[in-house]
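Chemist: Got a structure for you, questions after.
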Amino acid sequence: MKRLFLILMFSVVTVFAFSSPGFFISFFPVLSYNNLPVHDRDYRPTMYDMYDYFKYPAFATFGVELSGSSYRALLRFDFRQDLSAYLRGRGWSNLPLDPNKNSLYIDTDLPRVGLAEYENSLIRLSVGKRKLHFGPATYNFVLSETVPYFEHIWFDLNTEVSYGRYYYNFFIISSDRSVYNSPKTLIGHSFGFSNQFLRLGLVETNLISKTFPDLRDLSPFTIFHNNYARNSNVNAGIFLELDLDRFDMYGLLYADDILIPGDRTKNPTSLGWYAGGTYTFIDGGNYSGPLLWDSQFTLREKTVFDSSGGLKLKYEHYHSTPYLYNRDFEEGKYTNPIRFNASDIEGGQYVVVNGFYGFPYGPDVTLDLLALSYETEKLLAEIRLEYLRSGVYKIDDYYGEPFEYEWYRLAEPITGKTLLSFNLHYSPEGKQEFLFSSLLSLGEKLGFNFKVGYGKFFDF
């Protein structure tokens, strides 16, 4: 026991000796003027409630970071308003108040960011809890940063050749198994070629439910499609990126099922795709504001494009078919359940909200997105217009024969919704941020949300 203690102490001293340890704390009060609905205790929050809730920053955070030239370890606690307080009419601010009285109450499901990462010229490794995002587009059908976090292991490999480089990515995501009392694991990999002008690759994912992955599932260098195990849902896609000087073009086609003559499956064809482009009018630097938002810890797949700022115009088109992401049992759907410690929800203290691993609007949707952004070291501003058309078929609807809807078109009747948003972040120096945000939702009824806030970051 004494020897084990000495080894542990030696390890801790070594880490601190070769690291730059730092404690940090932040405060970010936000006030909002909105017409958010006020719900009763028996209301069950949706994924859209969750998405909107996380557009508010945490009121306060604190944590510790150990970092060196090629690695970082970070643990961050965010003191956020309770979800039930947000739903019960406290959305006028992000103050962590009890929904029924003016006393402090926070969601204690902590932390939402905790990670260790290492990177050199050949490999990048990340383990922990953070947002993940695949590809250069705002959203993606494989992984999107819209959900609060993914419990993950992620690594990238690449090798340089005279005419470019070959790359490989592998990730494992484990969902909260207490939700279904059984495991749910998403495993994925991608590989391809890139040079200074293009990036081309294939991606494959395997969603394993009701059982733990075996060695065949966990093997990084295999083909998932040849896995015929039960409760294993394999999807695949192809993506392309083109860097044409000031014009960036990108797209992805992601297939769940493709029904072909003689195939054993009776599941209808289901897929999602997007195509988009960004034009840079003026070059600029990257915003260097303080670390106040969860999205600033997002691990992003490396693309062919530079991450520079400036004045940019972006357009993207997305389409998901009705039966994408779906299966005939809850655990098999392409959703990542998030558990909240909510103080005032009917039926218990905990509530579970499902968010999609990939495209946040889910199946049976067509989306057009147009955005104009301007970014410098001190300023980040974007005005965005999203026009959303949704079919009547939802992820929780019956999935099975007879499949009544045409496989590609949106299931009628179709409803439309327009989202117009403006976000401005201004940091006169790297330790503070001023926020102004506005959102207009035009659909069956008008919705609006205007926010102002000031954040301050301290490190020691």
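Chemist: Less than 29 Å apart at the alpha-carbon level, and either on another chain or at least 8 residues along: which lysines does that give for residue 184?
Modeler: Within reach: 55, 129, 131, 210, 266, 302, 333, 394.
Chemist: So, one more: Let's test the formula: R0 of 30 Å, r as the Cβ-Cβ distance of residue 275 and residue 25. What FRET efficiency results, to the nearest 0.05?
Modeler: 0.10
Chemist: Next question, about the same structure. For the stretch 410-423, in order, what is each residue's ³J(HN,Hα) by Karplus, 6.51 cos²θ - 1.76 cosθ + 1.60 with θ = phi - 60°, in whole Hz (x at glycine and Pro)?
Modeler: Values, residue by residue: 5, 6, 7, x, 9, 10, x, 8, 10, 10, 10, 10, 9, 10 Hz.
Chemist: Treating only the Cβ atoms of Lys and Arg (+1) and Asp and Glu (-1) as charged, compute the dipole magnitude of the chain about its Cα centre; round to the nearest 20 debye.
Modeler: The dipole of the chain has a size of about 940 debye.
Chemist: Any aspartates and glutamates with Cα under 12 Å of the residue 456 Cα? List them, leaving off those in the same chain fewer than 8 positions away.
Modeler: Answer for residue 456, where 12 Å is the Cα cut-off: 429, 433, listed by chain and number.
Chemist: Where the centroid of each part is defined by its Cα atoms, how far is the stretch 343-410 from the stretch 25-63 in Å?
Modeler: Value for the Cα centre distance between the two parts: 18 Å.
Chemist: Another question about this same structure. Once you place label points 7 Å from the Cα toward the Cβ at residue 229 and residue 408, how far apart are they in nm?
Modeler: Taking the two extended label points, one gets 3.5 nm.
Chemist: What distance in nm lies between label points placed 7 Å from Cα along the C-beta direction at residue 368 and residue 418?
Modeler: So the two model labels end up 1.1 nm from each other.
Chemist: Could you sort the peptides 198-209, 30-41, 299-310 by per-residue average Cβ neighbour count (10 Å cutoff), highest mean leading?
Modeler: On the way: 198-209: 20.9, 30-41: 14.1, 299-310: 16.1.
Listed from highest to lowest mean packing, they are 198-209, 299-310, 30-41.
Chemist: Continuing with the same structure: At a threshold of 8 angstrom on Cα-Cα distance, excluding pairs fewer than six apart, so keeping six or more, what relative contact order does the stretch 1-459 reach in percent?
Modeler: About 15 percent, as a whole number.
Chemist: What list of ³J(HN,Hα) values in whole Hz, one per residue of the stretch 394-399 in order, does the Karplus curve 6.51 cos²θ - 1.76 cosθ + 1.60 (θ = phi - 60°) give from phi, with Gly and Pro shown as x?
Modeler: The phi angles translate into 10, 5, 8, 6, 4, 10 Hz.
Read the figures in this text as sums done on the coordinates, not as results from a lab. Because the structure is a prediction, the values reported are computed rather than measured. Because the Cβ atoms are built from the backbone with ideal geometry, glycine has one as well, and the counts that use them run over all protein chains shown.
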